[in-house]
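Q: First the structure, which I've put down as structure tokens, then a few questions once you've had a look.
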Amino acid sequence: MTDRLKRFLESLLLLELFRGLWLTGKYFFKKKITVQFPEEKTPTSPRFRGLHALRRYSNGEERCIACKLCEVVCPALAITIESAPRTDGTRRTTKYEIDLFKCIYCGFCEESCPVDSIVETSEMHYHFEKRGEEIMTKEKLLAIGDKYESKIAAARAADAFYR
Amino acid sequence: MDTIMNLLWIALKILAIVLPLTISVAYLTLAERKVIAYMHSRIGPNRVGFLGLLQPFADVLKLLLKEMVIPSQSNRYLFLAAPVLVLAPALAAWAVIPFSKGLVLANINAGLLYIFMMSSLSVYGVLIAGWASNSKYAMLGALRAAAQTVSYEIAMGFAFVGVLLAAGSMNLQTIVLAQSGNILHWYFLPLLPLFFVYWISGVAETNRHPFDMVEGESEIVAGFHVEYAGAGFALFFLAEYANMILISAVASLLFLGGWLSPFEGIPLLENVFAFVPGLVWFVLKMGFFLFLYIWLRATFPRYRYDQVMRLGWKVLIPITLIWIVVVSFAVKFNIGPWFNQAGV
Ligand code: SF4
Ligand code: SF4
């Protein structure tokens with residue numbers, strides 16, 4: 001009985017509603033957590049999985065040995081590789097393509113690669129303007145690798161302890 | 001010649017009301033986004049112009065440049081007339097609002113009734129919009145609007161009756177002047193329950209959160225204006241916010257003493273603040289209510305539909321009835337401290 005009376009009075013006097021208003025009222029004056037995007041950025045982890053890249057050794061030789069492990073492991077079947085021996089007798093890819101529309105950015109390719117060749121950079125701001133641009137060819141991937149090599153190497157070094 | 005001059009003069013006065021009103025609507029949308037953002041620990045729009053102050057104009061421009069789509073199965077004329085039918089009463093109601101002593105377009109004796117009528121008239125526009133769109137969501141939204149407005153109008157009407165009894169007049173100026181004396185004479189104190197009931201039904205009448213059944217994005221997409229784009233949508237938006245401002249204005253007139261200074265009757269402060277024109281107090285009070293509107297929106301989730309109806313019929317109406325009886329007795333037998341002089 002007293003319980004019901006209490007409940008009745010509580011809802012009649014809008015107590016709960018005032019409590020809610022008080023809470024939002026407090027947040028009105030709290031510090032704001034907005035990150036003003038183009039000027040400020042949220043920090044990214046060294047493990048961030050963004051745009052793909054193919055890396056080279058410091059002497060300029062491409063790392064990829066066309067083992068096709070990444071092609072096999074890719075759950076989205078986004079990687080297409082064709083290989084042939086190069087003039088110096090080493091086994092190299094003649095075609096290495098990643099379809100970024102199929103890719104789910106799982107990072108398995110990176111994990112599977114025995115020579116750390118295919119990696120995912122922390123780059124996330126990119127776009128395509130024409131159909132077909134989403135196919136990352138070997139040249140494009142190597143160019144990305146060249147461009148971001150220092151960042152990629154730093155990220156690998158930061159994470160090396162856990163691998 | 002005289003009549004023409006008179007008409008021109010009136011048109012000028014109308015412009016002087018409608019123009020600031022439209023600008024306030026524009027900035028109310030910005031204020032709403034800002035305040036809600038602040039309550040979410042965000043900072044809200046701040047890119048267009050200094051501190052985002054040009055954002056409303058960008059929004060309006062965007063809406064006006066958009067294509068106005070008319071559904072092929074709709075009733076063309078009604079579809080196009082509906083936004084106007086919603087907006088017109090929302091603007092027309094402002095004719096009787098006294099902004100300060102004597103500062104009113106039409107000082108009619110039945111001002112309160114007129115406002116009541118106008119604020120309920122706009123639901124016809126909503127109904128027509130919902131019906132003419134020939135879409136199930138719009139239809140549902142319109143039905144909800146009709147049911148909700150009818151239910152809450154009763155509670156609101158009774159709240160008005162309480163004020164009527166206390167002031168003994170339907171003229172808005174007289175009602176405000178009846179509250180003069182000091183801040184304790186304002187009707188929000190003796191009529192506290194009616195004040196709350198009025199405010200709640202006012203929020204419900206304007207279909208604002210937490211009573212936005214009519215739009216109910218998560219249930220019926222956007223309700224009655226789901227088929228509208230561009231200018232038509234902009235008009236609905238304008239009407240909604242104009243109505244919000246109207247309800248706030250009426251709330252401050254009826255319960256917070258309109259343009260009366262809150263320092264009236266306090267010996268020293270009264271003289272200090274004597275230079276502030278009544279209009280400023282009125283706008284400040286309206287601002288308080290508008291902030292409350294936004295605050296409510298930021299705080300409460302939408303009511304379930306049957307709960308809205310329950311609240312209207314089983315809670316608000318009985319409360320108003322009881323309080324009307326109380327007020328009537330107090331007025332009839334001159335019971336103090338508020339009702340001990342005849343007519344006040
Ligand atoms: S990130 Fe995953 S989905 Fe994308 S290419 Fe690598 S393995 Fe395939
Ligand atoms: S990128 Fe790595 S895993 Fe893929 S084929 Fe080349 S070496 Fe093998």
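The values are calculated or read from the model by the stated rules, or taken from the named source; none is laboratory data. Since the structure is predicted, the reported quantities are computational estimates derived from the model, not experimental observations. Cβ sites come from the backbone with ideal geometry, for glycine too, and all protein chains shown count toward neighbours. Keep in mind that these areas ignore ligands, DNA and RNA; they rest on the heavy atoms of the full protein, side chains included. Shrake-Rupley method; radii C 1.70, N 1.55, O 1.52, S 1.80 Å.
Q: Please say if the range B:45-201 is rounded, prolate or oblate, where rounded means a/c under 1.5 for a ≥ b ≥ c the square roots of the C-alpha gyration tensor eigenvalues, and otherwise the choice is prolate for a/b larger than b/c and oblate otherwise?
A: prolate
Q: Now, a different point. If a/c stays under 1.5 just call it rounded; otherwise compare a/b with b/c (prolate if a/b is bigger, oblate if not). Do that for the range B:197-344, with a ≥ b ≥ c from the square roots of the Cα gyration tensor eigenvalues.
A: It comes out oblate by the Cα gyration axes.
Q: Order B:280, B:308 by their accessible area, 1.4 angstrom probe, all chains in place, largest first.
A: Sorted by accessible area, descending: B:280, B:308.
Q: If you check each cysteine of chain A for another cysteine whose beta-carbon is under 4.7 Å away, which ones come up empty?
A: Here A:64, A:67, A:74, A:103, A:106, A:113 come out as lacking a disulfide-compatible partner, given the Cβ-Cβ threshold of under 4.7 Å.
Q: If you add up the charges near residue A:100, with Lys and Arg at +1 and Asp and Glu at -1, over every other residue whose beta carbon is less than 13 angstrom from its beta carbon, what do you get?
A: Net local charge, residue A:100 excluded: -2.
Q: Then there is this: Short version: ³J(HN,Hα) in whole Hz for each residue of the range A:41-51, in order, from phi by Karplus 6.51 cos²θ - 1.76 cosθ + 1.60 (θ = phi - 60°), x for Gly and Pro, what are they?
A: Ordered by residue, 3J(HN,Hα) equals 9, 6, x, 10, 6, x, 8, 4, 10, x, 5 Hz.
Q: Now for a separate question. How big, in percent, is the set of alpha carbon pairs in the range B:35-103 lying more than 15 Å apart? Could you put the intermediate results ahead of the total?
A: Details: 1770 of 2346 pairs.
For the range B:35-103, the share of Cα pairs beyond 15 Å comes to 75 percent.
Q: How large is log10 of I(q)/I(0) for chain A at q = 0.09 Å⁻¹ when the intensity is taken from the Debye formula with one equal scatterer per alpha-carbon?
A: Treating every Cα as an identical point scatterer, log10 I(q)/I(0) equals -0.47.
Q: Sticking with this one: How much accessible surface area, in Å² rounded to 10, belongs to the heavy atoms of residue A:127 with a 1.4 Å probe?
A: 130
Q: How large a share of the accessible area of the range B:45-106, in percent, is made up of carbon and sulfur atoms when the probe is 1.4 Å and the other protein chains stay in place?
A: Using a 1.4 Å probe with all protein chains present, the range B:45-106 comes out at 70 percent carbon and sulfur.
Q: I need the phi-derived Karplus couplings for the range B:172-184: 6.51 cos²θ - 1.76 cosθ + 1.60, θ = phi - 60°, integer Hz, Gly and Pro marked x.
A: 4, 5, 4, 4, 5, 5, 5, 8, 6, x, 8, 4, 6
Q: Could you work out the relative contact order of the range A:68-152? I mean the mean sequence separation of Cα pairs under 8 Å and 6+ apart, divided by the number of residues, in percent.
A: Here the relative contact order equals 27 percent.
Q: Moving to a separate point now. Which whole-number percentage describes the relative contact order of chain B, with Cα contacts under 8 Å and a sequence gap of 6 or more?
A: 22
Q: Of the residues B:131, B:295, B:259, which exhibits the maximal mean-square fluctuation in a Gaussian network model of chain B defined by a 10 Å Cα contact cut-off?
A: Highest fluctuation of the listed residues: B:295.
Q: Report, in debye and to the nearest 20, how large the dipole of the range B:157-270 comes out about its Cα centre when Lys and Arg carry +1 and Asp and Glu carry -1 on their Cβ.
A: 400
Q: Please name whichever of B:89, B:135, B:192 sits farthest to the positive end of the charge dipole of the range B:62-199, dipole taken about the Cα centre and charges placed at Cβ: Lys and Arg +1, Asp and Glu -1.
A: So the residue we want is B:135.
Q: Per-residue Cβ counts within 10 Å, from other chains only, averaged over B:98-107: what number is that?
A: Mean partner shielding for this stretch: 0.
Q: Related question: Relative contact order (percent) for the range B:1-65, with alpha-carbon contacts under 8 angstrom and 6 or more residues of separation?
A: 20
Q: Another question, then. What part of the accessible area of the range B:160-255, given as a whole %, is carbon or sulfur when the probe is 1.4 angstrom?
A: 71
Q: What number comes out for the charge environment of residue B:292, summing +1 per Lys or Arg and -1 per Asp or Glu over other residues with Cβ under 14 Å away?
A: My count for the surroundings of residue B:292 gives +2.
Q: Using a 10 Å cut-off around each Cβ of peptide A:24-33, what is the average number of partner chain Cβ atoms that fall inside?
A: Details: counts 11, 4, 1, 6, 10, 2, 3, 1, 7, 4.
Taking all residues of A:24-33 together, the mean is 5.
Q: Right, here's the next one. Mind listing P(r) for the protein assembly as shown? All alpha-carbon pairs, 10 Å bins, whole percents.
A: 3, 14, 20, 18, 13, 10, 9, 7, 4, 1, 0, 0
Q: P(r) for the range B:70-332: what percent of alpha-carbon pairs falls in each 5 Å bin, starting at zero?
A: Per 5 Å bin, starting at zero, the Cα-Cα P(r) for the range B:70-332 comes out as 1, 6, 13, 17, 18, 15, 12, 8, 5, 3, 1, 1, 0, 0 percent.
Q: So how strong a dipole does the range B:1-147 carry about its Cα centre when Lys and Arg Cβ are +1 and Asp and Glu Cβ are -1, to the nearest 20 debye?
A: 420
Q: If you look for lysine pairs in chain B that are eight or more places apart or on different chains, how many of them have Cα atoms under 29 Å apart?
A: Qualifying lysine pairs in chain B: 10.
Q: In terms of solvent-accessible area of protein heavy atoms at a 1.4 angstrom probe, what is the ranking of A:159, B:59, highest value first?
A: Heavy-atom accessible area, descending, gives B:59, A:159.
Q: I've got another one for you. Give the ranking of A:99, B:212, B:306 by solvent-accessible surface, highest area first, calculated with a 1.4 Å probe. Present the calculation step by step, with values, prior to reporting the outcome.
A: On the way: A:99 25, B:212 0, B:306 80 Å².
Descending order: B:306, A:99, B:212.
Q: For chain B, return all DSSP H helices satisfying: extent of Cα atoms along own axis at least 18 Å; mean Kyte-Doolittle hydropathy at least 0.0.
A: Length and hydropathy pass: B:2-39, B:76-92, B:111-133, B:136-167, B:192-205, B:230-255, B:278-299, B:317-332.
Q: Another one. Tally Lys/Arg at +1 and Asp/Glu at -1 over every other residue whose Cβ is under 12 Å from the Cβ of residue B:305; what's the total?
A: Spelling it out: positives minus negatives among the neighbours equals +1.
Q: Given the DSSP H assignment, sum -39500 (n - 2.57) over each helix run of at least 4 residues in chain A and divide by its residue total; what's the result at 222 nm in deg cm²/dmol, nearest 500?
A: -10500 deg cm²/dmol
Q: Given the options A:8, A:90, A:160, identify the residue whose Cα lies farthest towards the positive end of the charge dipole of chain A (+1 on Cβ of Lys, Arg; -1 on Cβ of Asp, Glu).
A: A:8
Q: Given a 1.4 Å probe, show me the residues in the range B:7-40 buried by at least 20 Å² of accessible surface when comparing the whole protein assembly to the chain alone.
A: Buried on complex formation: B:38, B:39.
Q: Additional query: For chain B, with the dipole built from +1 on Lys and Arg beta-carbon atoms and -1 on Asp and Glu ones, taken about the Cα centre, which of B:114, B:29, B:265 lies farthest toward the positive end?
A: The listed residue farthest towards the positive side: B:29.
Q: Let me ask something else. For the range B:70-332, give the magnitude of the charge dipole about the Cα centre (Cβ charges: +1 Lys/Arg, -1 Asp/Glu; no others), in debye to the nearest 20.
A: Result for the range B:70-332 is approximately 240 debye, rounded to the nearest 20.
Q: A further question follows. To the nearest 100 Å², how much accessible surface do chains B and A cover up together, summed over both, with a 1.4 Å probe?
A: 1500
Q: Looking at chain A as a GNM with Cα springs under 10 Å, which of A:25, A:145, A:107 has the largest mean-square fluctuation?
A: With Cα springs under 10 Å in chain A, the top fluctuation among A:25, A:145, A:107 is at A:25.
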